[in-house]
Amino acid sequence: METSTIKPVKQIYAVDLFCGAGGLTRGLLDAGIKVRAGIDIDPFCEYPYEYNNDAKFLKKSVTDLKPDEIKVFYRKNTLRLLAGCAPCQTFSTYNLKARSKEEKDKKWFLLLEFARLVKEIQPELVTMENVPGLETQDVFQEFLTTLQSHGYNVSYQVVACEEYGIPQHRRRLVLLASKLGEIKLLSPQEFGATAMTVREAFKGLPALKHGEQCVSDPLHQSSKLSDRNLRRIQASKPGGTWRDWPKELVAKCHLKDSGNTYGSVYGRMEWDKPAPTMTTQFFGFGNGRFGHPEEDRAISLREGAIIQSFPRDYQFFKPNESVCQRNIGRLIGNAVPVKLGEVIGKSLVAHVNEIFKKSRKIS
């Protein structure tokens, strides 16, 4: 199956809940799905979402959404898709351990609000993306029950993003649901994925020093390092840890027994492997294995966006606007990788085409 040439035989219109800066939306658009609107409570999402995707941004909490506010973006005689990724911090391993059951129950309403909107709108297609830890939670089973009780065929699986050509190790739970018939996610082979390394992802980017900003692309900027951290990254090896450093550079907390196990900080990426999972703090050298493989700095905001498979010209802030690394880092780190969105979109398109192909044979 050559998915790059597939177009939907019946047009799919979509609304993206919890849209963020538009990672899922951009991928769905690349797959041929018309995404008309994205909804999020973060005002920093509005410019990148609307500028890059030619879609409307609605700043509103999902809890306050009424069905008609979503239905207005759909068109007659088309298929309707409701998509979304409820904020995943609620279901991270750390937060699930740290929170009491009462606290977790209060946070789960976001996914249940998604389920409410599905019940009220009854779109033909639904997709949801989240962290793998959600799969074991009661709230996920409740979400599945809601879909199935309203006539949806459901499939879900945990996806290794690097298998789909995304240049990072990232595992995500992907759910697809359809009222039209059985549905599944395309395999990496069906999608036509080719592996991508950090070297391939960063090819052609101008070199940077720490604290420097590229003139032609303001997003290609690197955090400034303290003298001590500069010495640390100079002593770091690609794929190594702080254990490779001279003892005088090692942080006191890491010398303790309790800190000795934290080897996944202060590391450099490796050129010929995928990057580690992008987080909202990827622009900081000490926040993970986010050191550049060769240059003495943390990766830039643009490099983080590329690892999340955003197009190289994707804009996250207005021209001549000052860059807040913390805000932009949050948008990039929290995003659905664009190519994963494309995988989801092409899976939906292939499903719709197959259903209509069968119906024509029957008629």
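Using a Förster radius of 30 Å, what is the FRET efficiency between ARG243 and LYS209 based on their Cβ-Cβ separation? Nearest 0.05, please.
On the way: r = 26 Å, r/R0 = 0.87.
My answer for the efficiency is 0.70.
Normalising the average separation of contacting C-alpha pairs (under 8 angstrom, six or more residues apart) by the number of residues puts the relative contact order of segment 126-229 at 22 percent.
Rolling a 1.4 Å probe across all protein chains gives ASP227 an accessible area of roughly 120 Å².
Take THR280: with every protein chain present and a 1.4 Å probe, its accessible area is about 40 Å².
Near LEU173, the amide H atoms lying under 5 Å from its own belong to ASN130, VAL131, VAL159; only residues 5 or more places off or on other chains count, and H is placed 1.01 Å from N. Given +1 at the Cβ of Lys and Arg, -1 at the Cβ of Asp and Glu and no other charges, the dipole of segment 144-211 around its Cα centre is 300 debye to the nearest 20. Going 7 Å from the Cα of VAL9 toward and past its Cβ, which residues in segment 326-363 have a backbone nitrogen under 14 Å from where you end up? It comes to 349-363, nothing else.
Each residue of segment 46-53 was assigned a 3J(HN,Hα) from its phi angle through the Karplus expression (A = 6.51, B = -1.76, C = 1.60, θ = phi - 60°), giving 4, 4, x, 5, 6, 5, 8, 10 Hz with x at Gly and Pro. Multiplying each eigenvalue of the alpha-carbon gyration tensor of segment 16-68 by 5 and taking the square root yields semi-axes of 18, 13, 8 Å, largest first, rounded to whole angstroms. Under a model in which nothing but the beta-carbon of Lys, Arg (+1) and Asp, Glu (-1) is charged, segment 284-363 shows a dipole of about 620 debye around its Cα centre. In this structure, the amide hydrogen of VAL35, modeled 1.01 Å from its nitrogen in the peptide plane, lies closer than 5 angstrom to those of ALA14, counting only residues at least 5 positions away or on a different chain. Considering the options GLN122, PHE282, THR136, tell which one lies farthest towards the positive end of the dipole of the chain, charges being +1 on Lys and Arg and -1 on Asp and Glu at the Cβ, about the Cα centre. Projecting each Cα onto the dipole axis, the largest value belongs to GLN122. Each part reduced to its alpha carbon centroid, segment 136-151 and segment 1-68 end up 23 Å apart. Magnitude of the charge dipole for the chain, about its Cα centre and with charges confined to Cβ atoms of Lys, Arg (+1) and Asp, Glu (-1), is about 200 debye. Stokes-Einstein, applied to the Kirkwood radius of segment 214-363 over Cα pairs at a viscosity of 1.002 mPa s and 20 °C, places its translational diffusion at 122 µm² s⁻¹.
Whenever you get a sec, compute what percent of the accessible area on the chain sits on carbon and sulfur atoms (1.4 Å probe).
Working: 8300 of 16940 Å².
Roughly 49 percent of what the probe reaches on the chain is carbon or sulfur.
If you look at the Cα atoms of segment 311-363, you get an Rg and a Dmax of 19.1, 59 Å.
If you sort ARG268, ARG171, ARG289 by accessible surface, 1.4 Å probe, largest first, the order is ARG171, ARG289, ARG268. Among the protein heavy atoms, those of MET196 account for about 70 Å² of accessible surface (1.4 Å probe, every chain in place). The mean of 1/r over all distinct Cα pairs in the chain, once inverted, gives the Kirkwood hydrodynamic radius of 21.5 Å. Each residue of segment 337-349 was assigned a 3J(HN,Hα) from its phi angle through the Karplus curve 6.51 cos²θ - 1.76 cosθ + 1.60 (θ = phi - 60°); the sequence is x, 4, 5, 5, x, 5, 4, 4, x, 5, 5, 5, 5 Hz, with glycine and proline shown as x.
When only Cα pairs below 8 angstrom with a gap of at least 6 residues are kept, the chain shows a relative contact order of 21 percent. Summary of the geometry: segment 198-256 and segment 320-348, compared by the centres of their Cα atoms, lie 23 Å apart.
For THR197, THR279, the ranking by accessible surface with the largest value first comes to THR279, THR197, using a 1.4 Å probe. Provide the FRET efficiency to the nearest 0.05 for the LYS357-GLN122 pair, computing r from the beta carbons and using R0 = 25 Å. Efficiency computed from Cβ-Cβ geometry: 0.55. Amide H contacts of LEU186 (H built 1.01 Å from N, in plane; Pro and chain starts excluded): SER347 sit under 5 Å, all sequence-distant by 5 or more or on other chains.
Per residue, the accessible area of the chain comes to 47 Å² when a 1.4 Å probe rolls over the protein heavy atoms.
Subtracting the Cα-Cα distance of LYS59 and ASN77 from 0.36 nm times their residue separation leaves 3.7 nm of extension gain. Residue-wise HN-Hα couplings along segment 136-148, as the Karplus relation 6.51 cos²θ - 1.76 cosθ + 1.60 with θ = phi - 60° gives them from phi, are 8, 8, 4, 4, 5, 5, 5, 4, 4, 4, 4, 4, 5 Hz; Gly and Pro carry x.
The values are calculated or read from the model by the stated rules, or taken from the named source; none is laboratory data. Every value quoted in this text rests on a predicted model; they were computed, and no experiment measured them. Methodologically, a virtual Cβ is constructed for each residue, glycine included, from the backbone with ideal geometry; neighbour enumeration extends over all protein chains shown. Surface areas here come from the heavy atoms of the whole protein model, side chains and all, with no ligands, DNA or RNA. Shrake-Rupley method; radii C 1.70, N 1.55, O 1.52, S 1.80 Å.
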